[in-house]
Every structure is written in structure tokens, then in C-alpha cells.
Amino acid sequence: MNFIEQMVEADILSGRWGLGKGVAVQTRFPPEPNGYLHVGHAKSICLNYGLAAKFGGKFNLRFDDTNPAKEEQEYVDAIKKDVAWLTGAFEEKAGQVGNLPHAAKQVGNLPHAAKQVGNLPHAAKQVGNLPHAAKQ
């Protein structure tokens with residue numbers, strides 16, 4: 001268990017935030033849809049998705065809409081596809097993504113996917129074979 005997982009586990013055991021008492025772990029990825037995702041985004045997605053999956057919680061995709069003048073539907077669509085590719089789960093509900101009952105089975109594939117990303121010749125410019133990474 002890494003230090004973040006240890007902190008979540010401690011919160012669950014202590015009942016902090018209502019965890020373990022009917023309240024599930026919830027994580028989120030809040031991108032601003034003004035460009036395509038990069039490696040840093042992928043790391044955040046995998047961390048947050050993995051924590052939610054490990055602890056039986058929910059992963060949410062909530063777009064940051066603080067700068068609507070620079071946001072485009074093209075980026076929203078690209079981000080949704082990329083998150084789906086990384087997590088293997090996609091269920092859209094009012095700007096959120098999550099389907100952990102099915103997707104929790106996929107979390108074991110994340111270390112393998114991360115290793116593949118690290119072995120790519122242009123990993124700094126691409127995240128695996130994300131559908132829109134090449135446009136960056």
C-alpha cells in the first residue's frame with residue numbers, strides 16, 4: 001500500500017468523513033477542456049480511478065468550466081474518450097464518468113498500461129495510444 005492508500009484506509013477505519021459508514025470513497029478528475037490530455041493528466045486519472053476502484057468508491061469526471069471562452073466541445077469529447085481508454089470504464093451522467101462495479105475488474109490492468117506508456121519512444125508527447133494525443 002502506498003502512502004495515499006494508507007491515508008484513505010486510515011480514514012475508512014476511523015470513520016472520518018463518514019467513510020465505511022455508508023459513505024463511499026469518491027475521487028475526481030477535473031480537467032479544463034481547453035486542450036488535449038498529457039502524461040500528467042494520465043497519472044492523475046490512474047491515481048484517482050485506482051483509489052476509487054480499490055476502495056469500492058466512485059471516480060468522477062467533472063469538467064472545470066471556469067474559462068468558457070477557451071473551452072471547445074472537441075476537447076470535451078477527446079477527454080471523455082481518453083478517460084474511457086485509460087480506465088476501461090465510461091458512464092456519462094451530468095458531466096461525470098464512473099462505472100466501478102464493472103470497471104473495478106479492470107484496475108489490475110493499470111500497472112501494465114502504465115509500463116507500456118513508459119516504454120513508448122515519445123512518451124513525453126503521448127499517453128499510450130490515446131486517440132487525440134498525436135494532435136498535441
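So which of K21, K58 is surrounded by 13 or more Cβ atoms within 10 Å (Cβ to Cβ) and out of contact with any His (no Cβ under 6 Å at 6 or more places or on another chain)?
Of the residues listed, the single one that is surrounded by 13 or more Cβ atoms within 10 Å (Cβ to Cβ) and out of contact with any His (no Cβ under 6 Å at 6 or more places or on another chain) is K58.
Of everything in region 1-47, what is touching a strand residue (DSSP E or B) at 6+ places or on another chain (Cβ under 8 Å) and acidic (D, E)? Give them in sequence order.
Matches in region 1-47: D11 only.
Tally up the residues in region 1-21 that are within 15 Å of G57 (Cβ to Cβ), part of a helix (DSSP H, G or I) and of a type outside the set (A, V, I, L, M), please.
Counting residues in region 1-21 that are within 15 Å of G57 (Cβ to Cβ), part of a helix (DSSP H, G or I) and of a type outside the set (A, V, I, L, M) gives 6.
Give me a count of the residues in region 26-59 that are part of a strand (DSSP E or B), within 18 Å of D11 (Cβ to Cβ) and not β-branched (V, I, T). Working first, answer last.
Initially, region 26-59 is screened for residues part of a strand (DSSP E or B), giving 26-29, 58-59.
Imposing the further condition that a residue be within 18 Å of D11 (Cβ to Cβ) reduces the set to 26-28, 58-59.
Then drop every residue that is not not β-branched (V, I, T), which leaves 26, 28, 58-59.
Of the residues in that region, 4 qualify.
Filter region 45-55 down to the residues that are buried (at least 17 other Cβ atoms within 10 Å of the Cβ) and within 24 Å of K21 (Cβ to Cβ) and list them by number.
Within region 45-55, N48, Y49, G50, L51, A52, A53, F55 qualify.
Of the residues D65, D11, D77, D82, only one is charged (D, E, K, R), loosely packed, with under 15 Cβ neighbours inside 10 Å and modelled with pLDDT of 90 or more; which?
Answer to the selection: D77.
When you scan region 5-20, do you find a residue that is more than 30 Å from K70 (Cβ to Cβ), under 19 Å from the mean Cα position of the chain (by Cα) and among the β-branched types (V, I, T), even just one?
yes
The values are calculated or read from the model by the stated rules, or taken from the named source; none is laboratory data. Treat the numbers as computed from the prediction; the structure is a model and nothing was measured. Note: ideal-geometry Cβ built from the backbone for every residue, glycine included; neighbour counts use all protein chains shown.
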